[in-house]
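Have a look at the structure below before the remarks.
The values are calculated or read from the model by the stated rules, or taken from the named source; none is laboratory data. None of the values given here were measured: they were computed from a predicted structure. Glycine also receives a Cβ, built like all others from the backbone with ideal geometry; neighbour counts cover every protein chain displayed. To get the accessible areas, we keep the full protein, side chains included, count just its heavy atoms, and leave off ligands, DNA and RNA. Shrake-Rupley method; radii C 1.70, N 1.55, O 1.52, S 1.80 Å.
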Number of protein chains: 2
Amino acid sequence: MDQRKLTTPVAIPNVTVHDSFFSNLMKITVEKLLPYQWKALNDEIPDAAPSYCMRNFRIAAGVETGEHGGMVFQDSDLAKWIEAAAYTLYWNPDAELEKTVDEAIELVRRAQLPDGYIDTYYILTGIENRWTNTKDNHEMYCAGHMLEAAVAYYHATGKRTLLDVMIRNVAHIASVIGPEEGKIHGYPGHEVLEMALCKLYEITQDPAHLALAAYFVNERGQSPNHFEVETEKRGLQVKPESPFNLKYYQADVPVREQTAAEGHAVRAGYLYSGMADVARLTGDESLAEACRRLWYNITRRQMYITGTVGQSSIAESFTFDYDLPNDLVYGETCAAISMAFFAQRMLRLAPRGEYADVMERVLYNGSISGMSLDGTKFFYVNPLEVDPAKCAHNHQFRHVKPERQKWFGCACCPPNLGRLIASLPGYLYHTCDDTVYVNLYTTNEMKTALTSGEAALSMTTNYPWDGTIQMTVDAAPAAMTLALRIPGWCRQYTVLVNGETVTAAPQDGYLYLTRDWQAGDQVTLTLEMPVVTVRANPKVAENVGKIAVMRGPVVYCLEEPDNGPHLARVYMDANAAFTTQWEPETLGGIVSLDTAGYELGIADWDEDELYTEQKAPAFSARPLHFIPYYAWANRGPAEMTVWVRERL
Amino acid sequence: MDQRKLTTPVAIPNVTVHDSFFSNLMKITVEKLLPYQWKALNDEIPDAAPSYCMRNFRIAAGVETGEHGGMVFQDSDLAKWIEAAAYTLYWNPDAELEKTVDEAIELVRRAQLPDGYIDTYYILTGIENRWTNTKDNHEMYCAGHMLEAAVAYYHATGKRTLLDVMIRNVAHIASVIGPEEGKIHGYPGHEVLEMALCKLYEITQDPAHLALAAYFVNERGQSPNHFEVETEKRGLQVKPESPFNLKYYQADVPVREQTAAEGHAVRAGYLYSGMADVARLTGDESLAEACRRLWYNITRRQMYITGTVGQSSIAESFTFDYDLPNDLVYGETCAAISMAFFAQRMLRLAPRGEYADVMERVLYNGSISGMSLDGTKFFYVNPLEVDPAKCAHNHQFRHVKPERQKWFGCACCPPNLGRLIASLPGYLYHTCDDTVYVNLYTTNEMKTALTSGEAALSMTTNYPWDGTIQMTVDAAPAAMTLALRIPGWCRQYTVLVNGETVTAAPQDGYLYLTRDWQAGDQVTLTLEMPVVTVRANPKVAENVGKIAVMRGPVVYCLEEPDNGPHLARVYMDANAAFTTQWEPETLGGIVSLDTAGYELGIADWDEDELYTEQKAPAFSARPLHFIPYYAWANRGPAEMTVWVRERL
């Protein structure tokens, strides 16, 4: 990689977001998601299965008695909650919340064993069994999330308690696992610790921290295979034909030999993110190349138009190139989120607009679709086509829900969304030397230190509903370069600097504006945002003969409350004319789209005819009303489809 | 029902089939299927998991020692083999085979306990547990199949040993289960004993035998629910949200209240068949009405164009109306076969052509697709659309195989197909008073006793490849009525009697020809058999915008060896012109079809484009070659599709 092109995100405290779109999500996170989740962690939600999460920590800390409850990875729920809470403290200081976090951290500290070990599952069920099943029992997954929480809380508050706890925990892990003789030559069964260690290294600059991350990445899939060795020690075997085979863990071959995203999608997304971090911090070009290869495979072969990934409910996994079923999809909210993580890390390796394009695709579509507009209900699975009857009566579709659920026994998605949204300001800008990369467009103010001095920008826009972005340079060093991302979806745009048109061609998706910036300089970027009908590569069998509707970064869908049932019988023309309307009172404020479509009629068909050669298709006019995909399923269970049949 | 219209099949020994289509299947059954299966039952197939079936009987009979092996229903494999063997003895006498059957029967006789009990699973694993889990442990399923075998072998050979064994077994079952106080108020967890008991009653005329069948049918789903009561006794619960809930067993409500086919498809098909038998033998109109309602639901809402049923692999079950996924389908060979059983029994209740239509649909398509053309490999699952990559790499499609398998651990389908094919002569004709109903067209000779005397017919045809059927009345009583089925698929036909055109309208699918028949009278029926493109009711979301190709009763498909890959990108016009050719050397002799189609091109698409609004669909000409669906997958793993996209 070109080390000179490495970019650094502008940190959350330096970006103040106050637009209507993301601010609302951030507000929901603070007002609804975090308090609700804290209650859930403390088993205080009536009618919901208990989490046992905090109870496990209290028992392990010796302040309560009892047995471990919940999943083997239950500790991670607290970690993700702390991490999300930490991010909110930047932009929504809250002494009460901070006190609650401190108390939780104190429990974690007291639960930690003298040797640094911390996982409540093994502490409470039999410490003698720890480190015997790294494949499935999530000790390093929990450690990874808690380390991410520790880093976030340290950055947000300067408090080191949890950070120091986790540094001791990492030291313990490094004493057990590593390349040295006598240690386990292993790596996490569920990745996340890799990227957490890189974050830690960026604070501590302790080479041991980066070395452990690199070891995990480099050892993965090597022969003899750690998971096979470990499983055989337990008298069992990793079966190649099982959905939970080595591919499930991205451990069938070393990571540099992996050419297609495989296995459990969240694990995969977290691994690839960690790989990109290690590549950046160690300058490892072969690892960066592996990241680019996997990125290419995902984004050109296995990613839904919504940014969702993970096609199969069995093992929540990637399947194979161009296999993108819309109705049977898994598309876990966490998997989409992991793609935002991966995208941001690829952007740090090189400032290419396509990485930010995917970040945007995920942020406006397949991630936030996981939460109801009021922040109280959640999807685990994010389908692109739903028939509630199928969910109810065909068990093969039981994983797909036509309505968001209150909470989950395996509650990974809601807190994951919380930490993404709470950290959103950190995705807007990257910098490199004297260049400010503007990745995402939303109303905000930013300041950052460039090589030659302070820069400050303010931005006003009604994005994603409008493509006009007004920026003011509030401060700038001489020769600052402003790199404006021209989104991949955008075909026409104009840039004015102080009212004068600038003509320049974007390089790798960014338009570079270098000049002697003065405070008060005005930049107006106008991204033409017509409604477009999009086709998938015909190699995607599922979408042959279908089109999707987009406007700017927003993917649209047809939903039953607006369009009635039987969406499978709806057709449209690719060149149909659309009208757009801003509906401030609908679904939290959306631009909705209307067009003329067709319905394949059934009037000709007798009730008792199932197959016949005697009926020609009869189409009638059917007006179509599209809403943004992320806003579906907020009006009761209903049919929905993103891809609509095209009359060819 | 109208008791005067009840019909009776002309028995197998009275019909000699010697056409090229079915005779070949029958020959394969005798020469390949039965010997292979006998080896399998005796664990003599190298590289295959042992069946343990005969070994279990030998151990139970006291001639060998050991433990029970295989599934809880393993006994039924021997039963289905005996039944199939029995049918073949009519048209292929074989003293060696008969001796083998007699020896097997002797083992069964010796395995039977003094009280009449016979199931080797409980005999070998703990007799004290028998009758504690009628829901899942298949005692009555095995008894049902063995009773069907006993009846078939008695009819074919006159030998009573197995029949007497099973009469004692039935007496034992009736002593344990029934309406009387102290007995279990239960019924089989997997139906089949109901129809077997009706067959037994037709031999014995013992009212107890019919009463037990009627009790099973009438008690099913009554409250308190037998399966719930029984499961609670074992300290467990039948969970409504489980795929193995009461619907799975067709036991959630009494059978007369069931309006849609539900649950495990084979169980359902066997239950409905038993219901039709009981309705006929008891004259129970409310039960006949329930049969007609369920028949209507299946054939107008839940049956594939191939006659296949059972949409979901999870619990091998029916799902809901108009839900007919082509690729995800289960479509067990046994389930299609059960539809032939149900159809024949509905035909006994009333001579309506639609019943024989389904019999024909199943026989030429979704049942025989379960066996390779050489009779050595078998499908459990019969999909209508296959992409081998999906079967290999998307675990949600793991139940679908792109190639037939050598044998199955749960080997229900091959022997079931064996007994269907071996008994095929028994499906051709039904009679009622002086009427001969001609249900199926194939080269054969038949004789039967009508009310007024003997009738004999001979028939020559190249059906299903040609619609001309030449019949000779070899003997007939005065005023015999010949009722020729005019298939539901046939739009134009002519009937000549001794060269003179007869004009008559079919009633309920049969054309009634009543006259003073003389020996030597010639009847020529010509069914116009053009290639037609068929659409599904648009309520079937899966098939919207698609057409299927049929010629006569035969459903066609596109397969990769003839058409190359990427069948999902193939389009055609509904009014495309077809050429037909008889290919005697191809796939056992078929009529293949050719037409001009289109391919949705990918040439415009860059390798790295997954979604774009910039590519218009580009079609190019692509010749299409169709083969009969039943003959697919005989040339290696390959893509296949029955439903083809239509350019609209």
Check your understanding: Of the residues that make up segment A:587-600, is at least one on the phi > 0 side of the Ramachandran plot and open to solvent by 30 Å² or more (accessible area, probe 1.4 Å)?
Key -> yes
Practice item. Tell me, yes or no, whether segment B:315-332 has at least one residue that is among the polar types (S, T, N, Q) and touching a Lys or Arg at 6+ places or on another chain (Cβ under 7 Å). Key: no
Study note, to complete from the structure: Flagged in segment A:601-648 as open to solvent by 60 Å² or more (accessible area, probe 1.4 Å) and more than 14 Å from chain B (Cβ to nearest Cβ), in numbering order, are A:Ala621, A:Pro623, A:Arg635, A:Pro637
Revision key, fill the gap. How many residues of segment A:514-529 are of a type outside the set (Ser, Thr, Tyr), farther than 14 Å from A:Trp489 by Cβ, touching a Phe, Trp or Tyr at 6+ places or on another chain (Cβ under 8 Å) and open to solvent by 30 Å² or more (accessible area, probe 1.4 Å)? The answer is 0
Exercise for review: Considering every residue within segment B:270-287, establish whether at least one is within 12 Å of chain A (Cβ to nearest Cβ) and part of a loop (DSSP other than H, G, I, E, B).
Suggested key: no
Review point. Is at least one residue of segment B:9-31 part of a helix (DSSP H, G or I), open to solvent by 60 Å² or more (accessible area, probe 1.4 Å), under 30 Å from B:Thr125 (Cβ atoms) and not assigned by TED's automatic domain parsing to the domain that holds B:Tyr463?
Key: no
Practice item. Could you please let me know if A:Glu500 is within 14 Å of another protein chain (Cβ to nearest Cβ) and of a type outside the set (Val, Ile, Thr)? Key: no
Practice item. Go through segment B:452-465 and count every residue that is open to solvent by less than 30 Å² (accessible area, probe 1.4 Å) and assigned to a strand (DSSP E or B). Key: 7
Revision key, fill the gap. Exception for A:Trp582 within (1) buried (at least 19 other Cβ atoms within 10 Å of the Cβ); (2) in a strand (DSSP E or B) falls at (1)
Review point. Among the residues of segment A:184-206, is there at least one that is open to solvent by less than 10 Å² (accessible area, probe 1.4 Å), at negative phi and touching a Cys at 6+ places or on another chain (Cβ under 7 Å)?
Key: no
**Study point:** Some residue of segment A:308-322 being facing another protein chain (nearest Cβ under 10 Å), assigned to a helix (DSSP H, G or I) and either of a type in the set (D, E, K, R) or open to solvent by 30 Å² or more (accessible area, probe 1.4 Å) (or both)
**Key:** no
Study note, to complete from the structure: The number of residues in segment B:530-548 that are outside any strand (DSSP E or B) and open to solvent by 20 Å² or more (accessible area, probe 1.4 Å) is 4
Review point. Just checking, which of A:Asp573, A:Asp516 is away from chain B (no Cβ under 14 Å) and in contact (Cβ under 8 Å) with a residue 24 or more places away in the chain?
Key: A:Asp516
**Study point:** Qualifying residues in segment A:504-513 (those that are at pLDDT 95 or above and open to solvent by 50 Å² or more (accessible area, probe 1.4 Å)) - the one nearest to the other protein chains (Cβ to nearest Cβ)
**Key:** A:Asp508
Check your understanding: Under the condition of being in contact with a strand residue (DSSP E or B) (Cβ under 7 Å, 6 or more places away or on another chain) and at the interface with chain A (Cβ under 9 Å from one of its Cβ atoms), which residue from segment B:559-569 is surrounded by the most Cβ atoms within 10 Å (Cβ to Cβ)?
Key -> B:Leu567
Check your understanding: Which ranges mark the helices (runs of 4 or more DSSP H) fully within segment A:344-451 that have 3 or more residues being over 19 Å from the mean Cα position of the chain (by Cα) and assigned by TED's automatic domain parsing to the domain that holds A:Leu41?
Key -> A:388-393
Check your understanding: Does A:Val63 meet the test of being in the same structural domain as A:Val101 (by TED's automatic domain parsing), in contact (Cβ under 8 Å) with a residue 12 or more places away in the chain and open to solvent by 20 Å² or more (accessible area, probe 1.4 Å)?
Key -> yes
Exercise for review: Report whether or not A:Arg300 is outside any loop (DSSP other than H, G, I, E, B), within 12 Å of chain B (Cβ to nearest Cβ) and open to solvent by 20 Å² or more (accessible area, probe 1.4 Å).
Suggested key: yes
Check your understanding: Of all residues in segment B:474-492, which are surrounded by 21 or more Cβ atoms within 10 Å (Cβ to Cβ) and farther than 19 Å from B:Glu354 by Cβ?
Key -> B:Ala476, B:Met480, B:Leu482
Revision key, fill the gap. A:Leu41 passes all but one of the listed conditions (1) closer than 30 Å to A:Glu445 by Cα; (2) in contact with a Cys (Cβ under 9 Å, 6 or more places away or on another chain); the exception is number (1)
